[in-house]
Amino acid sequence: MLRRAFVIVAIAFLIRTFIGEAALVPTSSMEGTILVGDHLLLNKFAYGPEIPLLGWHLPRLRTPQRGAIIAFHYPKDPSLTFLKRVIAVGGDTVEIRDSIVYVNGIPQREPYAVHKHAAYFAAASIHHDDMPLRHVPAGEMFVLGDNRDNSDDSRFWGTVPVGNVVGEPLMIVWSYDAPSAAWLNERPGAQLRLYASIAVGFFAHTRWSRTATLL
């Protein structure tokens, strides 16, 4: 029995490390495609997952393409994982005029993009509707959130190295309707209240239409 339990734990560890991992989305930056409270299954294998303790990586089998949604280590703080959409890749130029994204001078059709024109970035140095032409360096990506007026992305802190990519979402495993503040508050008391509310409202607040949806 002990040996069987060890094997099960080892298999679960290998799957989580090298193949797939669950991830919670606590913010609305991808709203329109991915909602606050969506729990995603990430495909890590194609992006060269790290071997624990050794710091080595498996071979990277895939390079993110334009339009792909990716999870990556935030360049300013690698301890944080962000989820955004790839808009441009190394060698491209990208520009935003009147909320329209131009890649290599071509306006992009973005049915997934949400524009609420909120005052979220009113104090930012770059207005959310416009961004001067930028060149994306080789080996890097320009990423945006689908919720353009409520996303901290490449417009404000620059491009993302391809090596920072952790994986890409495969499906929504479970979706629970709770506000960002509840998911982001890591204090023990707040977490206890969140889990208690889930226990009580599991059936009423689970977004059943999104659960098990492929992305």
Worksheet item: Among the candidates Trp157, Trp183, which residue alone is surrounded by 14 or more Cβ atoms within 10 Å (Cβ to Cβ) and either touching a residue at least 40 places away in the same chain (Cβ under 8 Å) or of a type in the set (Lys, Arg) (or both)?
Response: Trp183
Item to complete: Test Leu192 against the stated conditions and say whether it is at pLDDT 95 or above, outside any loop (DSSP other than H, G, I, E, B) and hydrophobic (A, V, I, L, M, F, W, C).
Response: no
Item to complete: Considering only segment 90-113, state which residues are out of contact with any Asp or Glu (no Cβ under 8 Å at 6 or more places or on another chain), part of a strand (DSSP E or B) and of a type outside the set (Ser, Thr, Tyr).
Response: Val94, Glu95, Ile100, Ile106, Pro107
Worksheet item: Within segment 72-81, is even one residue of a type in the set (Ser, Thr, Tyr), outside any loop (DSSP other than H, G, I, E, B) and more than 16 Å from Gly158 (Cβ to Cβ)?
Response: yes
Discussion item. I'm trying to understand the selection: among the residues of segment 139-162, which are touching a strand residue (DSSP E or B) at 6+ places or on another chain (Cβ under 8 Å) and outside any loop (DSSP other than H, G, I, E, B)?
Written reply: Glu140, Met141, Phe142, Val143, Leu144, Asn147, Ser154, Arg155, Val160, Pro161, Val162
Practice prompt. List every residue pair whose Cβ atoms sit under 9 Å apart, with the two residues 6 or more apart in sequence or on different chains, where the first one lies in segment 22-45 and is at positive phi and among the aromatic types (Phe, Trp, Tyr) and the second, anywhere, is buried (at least 18 other Cβ atoms within 10 Å of the Cβ) and modelled with pLDDT of 95 or more.
Written response: none
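The values are calculated or read from the model by the stated rules, or taken from the named source; none is laboratory data. Worth saying up front: this structure is predicted, and the values here are computed from it rather than measured. We place every Cβ from the backbone using ideal geometry, glycine too, and count neighbours over all the protein chains shown.
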